[in-house]
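Heads up: the structure comes next, in structure tokens.
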Amino acid sequence: MAKPKILPKVNEYDCYEIRMESIGGLGANVAGKILAQAGILGQGLNGLNFSSYGSEKQGTPVKGFIRFTEKESVRINSPVTQPHLIAVFHISLANVLPVLEGLKPEGTVVVNTNKTPDEIRDILKIPGGITVYCVDAIKITVEEKVRMNAPMMGAITKATGFLDPEQVKKYIRETFKKKYPQVVEPNCKAFDRGYKELQMKVLAKDDKYDFIEYHPFMSPIGYDTAPMGGVITDFGNAFIKDLSGSRAGYIPVWHEEECIHCGQCDIVCPDYAPVFGEGTDHKGKQGMVMRGIDYKHCKGCLKCVEICPTDALTGEIEAEVAEEILSTVPK
Amino acid sequence: MATGVIEKAKNKKGAAEQVVDIKTGNEMAAIAASHVNFHVMGYYPITPSTQIPEETDRMKAEGEHDIVMIPGDGEHGAAGICFGAATAGVRVFNATAANGLLFSIEQLPVQSGCRYPMVLNIVARSVSGPLDIKCDHSDIMMALNTGWLIFMAKDPQRIYDFNICAVKWGELEDVRLPVMVTSDGFFTSHQLRRVEYFSTRDPVQDFIGKFKPGITAVDPNHPVTIGPYMNDPDLINNKKQQSMAMEAAYKHLPKIFEEYAKISGRKYELIETYKMDDAEVALFILNSPYDTVLQSVDNMRAEGKKVGAISLNIIRPFPADLIRQVFRNTKVLVVGDRQDSYGAWGGNMTHEIKSALKDDPENKTEVLSRIYGIGGKEFYVEDGIALLEEGLEVLKSGEVKKRYAYFGATETAKDYKPVQAFEPITEEEASPEIIRVELNPKTGVPEVKGVNMRALTKMPKRIVPGHGACPGCGIFPSIGNFLKGIKGHVVMLWHTGCGMVVTTGYPYTSFRTTYIHNLFQNGAATMSGLVEAYVERKRRGEIPGDEDLTFIMITGDGGHDIGIGPTIGAAMRNHKFIILEYDNEGYMNTGAQLSFTTPKCMITSTSHVGPAQAGKATFHKDTSQIMAACNIPYVFTAVESNFVDLVKKAAKAQWYAKHEGLVFGKILSVCPLSWRSDSRKGQEVIQAAVDSNFFPLYEIERGITKINYDPEKRNKKIPAIEWFKMMGRSRHMAKPAYAKITEEVQNEVDRRWARLKAMAESPVL
């Protein structure tokens, strides 16, 4: 195959591949589209872009895929399994998914974090030889009042080494100028900051962590034992799911000493996360009492904080809440 | 609209100016529609075809085309709208998928049999049930016998090109048939690819020419009877004409492709082949996986294996002669079928190809049928190789071990253990004796006492934590609080919608009690059958007489657009169950398209705001009053921000459903994502809808209306605009440009409130 002119490296099918690991609502879908426009329309590459498909709701994990090539056509339209670059839009995803699955040796990882490349290496278990870029996209997002995708696009653009930041900004403007002209400049600024405010480190080639092979998602139940007709007989088994990855950064924290056990949090919670049981309340009376919050299922909407008539529930930034509070399972 | 680069398509002599851009398949269908400038689009949103009407509507709001967009009451209605429009002598457009296609299928032979051309995009998706929203070809293969011409478009470029060719093809004098353009759901409909399209609609208009209406229903000088009662001996001749039209269509298509190549530079054949000249083993595969298979072929060719691939750009008419030619020397053909014709030992394409080959007495090709990619199962280069290797194995051994098999089905994981998260809820646990329902001795009306927020935290949750709804979703507090008022065992039936999708993603379920799903045009009918069969089993002694179940059907407002018919049917029969509607004023599960309950002027993905359009064109539907007119025992409205009222109504609903018959209740339910409101402020947003009298809280008991909360009396009344300003979908209504329309909405709200008050004041209204 001819040596690519723009792309720094390509796989056996002449493609440079990117996978974005994100959560519905952070804008990975739009980011993928803008980056693809920049590469394809702005820089004359060919390629394609799509997201994991389905009835994904806000807060559920989503994947975005971009494939660039210098060839005339892109044949392969299946998901990217062995990316050159993986961008992790939210660190909590790593709790529930193997986000670095399939990463190519000497590949690149872009992480939204306020930690250093060495610190994040141990959290995500990043193998040796990988180039790590850390960007504090949450901070930039809050300061510039944009979505997470703007600083992440900046960081990804820089990390690819071939995407032209001016082209990306051109398509950021194209995307927003008509419907939301007021967000164009904040997005461009957040993009620039993501492009510049990076900590980069090429990890030494060592055996500290292994590369994880890509495994297509397989259901645990197959045709030999699945109940006929698609019936689910394990009633209520969704309870075992961990939805903490759906939170966008905020959580309610319960302060027992302030609680009057009124039950209002229970009636507003979409996720049935407040836990109540028989007990003795603050006045020494028997009855239903609040026992805590089920953080495995709380999605952090903070409706409970809004309705709480006392200061028993407060909205906090999850990253600043002590681990023992988050890991307490109320009974 | 075009973000792309305008360039005269290079090296294409005579080709018109085109834009190079990146677009999804659905966007390309919409751009084609705007270039054809159809007169009418009758549609009903269904994943994954929804972006087609969404994009078409967005362009309409911008004034980019003149297509009249008519949202159907369901796909059956949408198909009827299309047929009606076609009889008026115009160009007509539609898009659907899966059960949408099946729901409309009764109308499709009407369209073809009466010989009215139109274009329908099928964005292929698996047919329910169980419900799956991803791609396979189980829908389009059901359409093979509808009498329509059928294109298969494997990529976004072909979707655009074939939509344009479809217009010209179907309208030919000796064809006059409707045309489907089929693309693969998500794989093609949602994938952004580099594409080209004309920079203006002119070349398309020149290519398709002015529409020449055939016989129309709107020409008083030439009265006609369209669709007579036609038995034997005549109908067979009508069908013979259809068959002749298919023959003519088959003859004309290569010419149309040639003409189109002149203006576009893109030349298509009826059949796609790759390295078939000397291929011993071939893989036949339709649509999106074909490109991936080309890579599989190249990989295997590099190892010296003589393999090839073929696909089709049309399946109706079926290019049987070309099939015979291409497989003349093929020793083994593997047909990848993305659907099964159950019990026929192969998918439909297997049988059509075998049937074509039978007419060549020289043909000796062994044909294997492989059912693959069902329900959106991804297809990789390795899958193409594996399928071709199966063919090579037959070539090597000279023996066909499995002529028909499933490719990619899996056995249960060895370490899989079913999860027993809970015990079933007992009758006692679900009847904690907190709420009492007592009959008023004077009036005989049930009265509910003892609703206490704190005490009711004791009610076991029939829906357990672990569902995947958006943060701040209003469905679960609304339904969860309602269920706090229902004692004992319940059986729920949920219509398709957000609530259903986020609770029952296989192999998980959030339901701790029995739950059934049926598609949202039919829940009330399904529940009617279930309830009556339960009663009959009790009567026959098959179920103990002292056992008791409460049956609740739950639907979104969308389910009561497409499914209002069966709900009214259930009301007419007065079955003993509860129908509860969570109304979030749009089709939120499919991406927030307008529903009939969406308020006028509000923005949805099929009611954009722009220079040529001001959001939704009509006022919100009043489903509660429709149900009140059915004279059922109990109708109510409720909201999560008035807990006591909501739970009382639940307890009352249960009493009426036990003793008197059908209950209908509507709960206005916040959707922070699509209403674009602060997820934290769900209660406040909902209460504002009540305080503005947009959504009054009332009940109608045995025909007597009672207002349960009067914002005027409580000095809480706010103008509707105060509610609109809390949401991104309606914030524009505060702008001076929308003052008139906002006033109209306010007047309508006031009128309905005044009418409700009059009803409440009079025992006969």
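Please treat every number below as a calculation from the coordinates, not as lab data. Quantities reported herein were computed from a predicted structural model and do not represent experimental measurements. Don't worry about glycine lacking a Cβ; one is built from the backbone with ideal geometry, like all the others, and counts go over all protein chains shown.
Things worth noting here:
- The share of Cα pairs per 20 Å bin across chain B, counted from zero up to the longest distance, runs 15, 42, 32, 10, 0 percent.
- The slack in the chain from B:V400 to B:K255, taken as 0.36 nm per residue of separation less the alpha-carbon distance, amounts to 48.1 nm.
- Farthest towards the positive end of the charge dipole of chain B, among the residues B:M453, B:V293, B:I700, is the Cα of B:M453, using unit charges on the Cβ of Lys, Arg, Asp and Glu.
- Taking 14 Å as the cut-off, no amide N atom of region B:158-181 comes nearer than this to a point 7 Å along the Cα-to-beta-carbon line of B:A88.
- Helical contribution to [θ] at 222 nm, DSSP H n ≥ 4, -39,500 (n - 2.57), averaged over chain B, rounded to 500: -10500 deg cm²/dmol
- With a simple spin-label model that places each label point 7 Å from the Cα along the Cα-to-Cβ direction, the separation between B:R731 and B:K417 comes to 5.1 nm.
- Debye-sum result for region A:240-326 in log10 I(q)/I(0), which assumes one identical scatterer on each alpha carbon, at q = 0.12, 0.20, 0.26 Å⁻¹: -0.33, -0.90, -1.40
- All lysines inside 19 Å of B:K267 as judged from Cα atoms, apart from same-chain residues fewer than 8 positions distant: B:K8, B:K10, B:K12, B:K13, B:K154, B:K168, B:K251, B:K255, B:K275
- Options A:C265, A:F89, A:I40, ranked by Cα towards positive dipole end of chain A, top entry (Cβ charges): A:I40
- The dipole here belongs to region A:15-202: it is taken about the Cα centre, uses +1 on the Cβ of Lys and Arg and -1 on the Cβ of Asp and Glu, and is about 460 debye.
- Estimated dipole of region A:234-320 in Debye, rounded to 20 [Cβ of Lys and Arg +1, of Asp and Glu -1, Cα centre]: 220
- Exposure proxy for A:Y13, B:Y506: other Cβ atoms within 10 Å of each Cβ, ordered fewest to most, give B:Y506, A:Y13.
- For region B:210-255, the set of chymotrypsin sites (Phe, Trp or Tyr not before Pro) satisfying both a DSSP loop assignment and a count of at most 13 other C-beta atoms within 10 Å is given as B:Y229.
- All other residues whose Cβ lies under 13 angstrom from that of A:K208 are scored, Lys and Arg at +1 and Asp and Glu at -1, for a net of -2.
- Close amide H pairs (under 5 Å, H built 1.01 Å from N) link B:I486 with no residue at least 5 positions away or on another chain.
- Cα-based shape type of region B:271-406, given that a ≥ b ≥ c are square roots of the gyration tensor eigenvalues and the cut on a/c is 1.5: rounded
- Values of log10 I(q)/I(0), in the order q = 0.12 Å⁻¹, for region B:320-384 under a Debye, Cα-only, solvent-free model: -0.33
- Residues whose placed amide H lies under 5 Å from that of B:V127, excluding near-sequence neighbours: B:S138, B:D139
- Zone residues, region A:233-250, relative to A:V329, backbone N less than 19 Å from point 7 Å out along Cα-to-Cβ: A:235-246
- Among beta bridges that DSSP assigns inside region B:462-761, antiparallel share in %, nearest 5: 30
- In straight-distance terms, cross-link reach from B:K538 covers every one of the lysines whose alpha-carbon lies under 17 Å from its own, apart from those fewer than eight places away in the same chain; here that gives B:K576, B:K658.
- Chain B: angle of helix B:739-761 to the longest principal axis, Cα-based, in degrees nearest 10: 50
- Charge dipole (the protein assembly as shown, unit charges on Cβ, about Cα centre) - positive-most of B:P71, B:A525, B:I385: B:P71
- Relative intensity, log₁₀ I(q)/I(0), of the protein assembly as shown from a Debye sum that treats every alpha carbon as a point, q = 0.04, 0.07, 0.08, 0.09 Å⁻¹: -0.21, -0.68, -0.91, -1.16
- Trypsin sites (Lys or Arg not before Pro) within region A:196-277: DSSP coil, no more than 14 neighbouring Cβ in 10 Å: A:K205, A:K208
- Restricting the calculation to alpha carbons of region A:15-202 gives Rg and Dmax of 15.2, 45 angstrom.
- Relative to the Cα centre, the charge distribution of the protein assembly as shown, modelled as +1 at Lys and Arg Cβ and -1 at Asp and Glu Cβ, gives a dipole magnitude of about 1540 debye.
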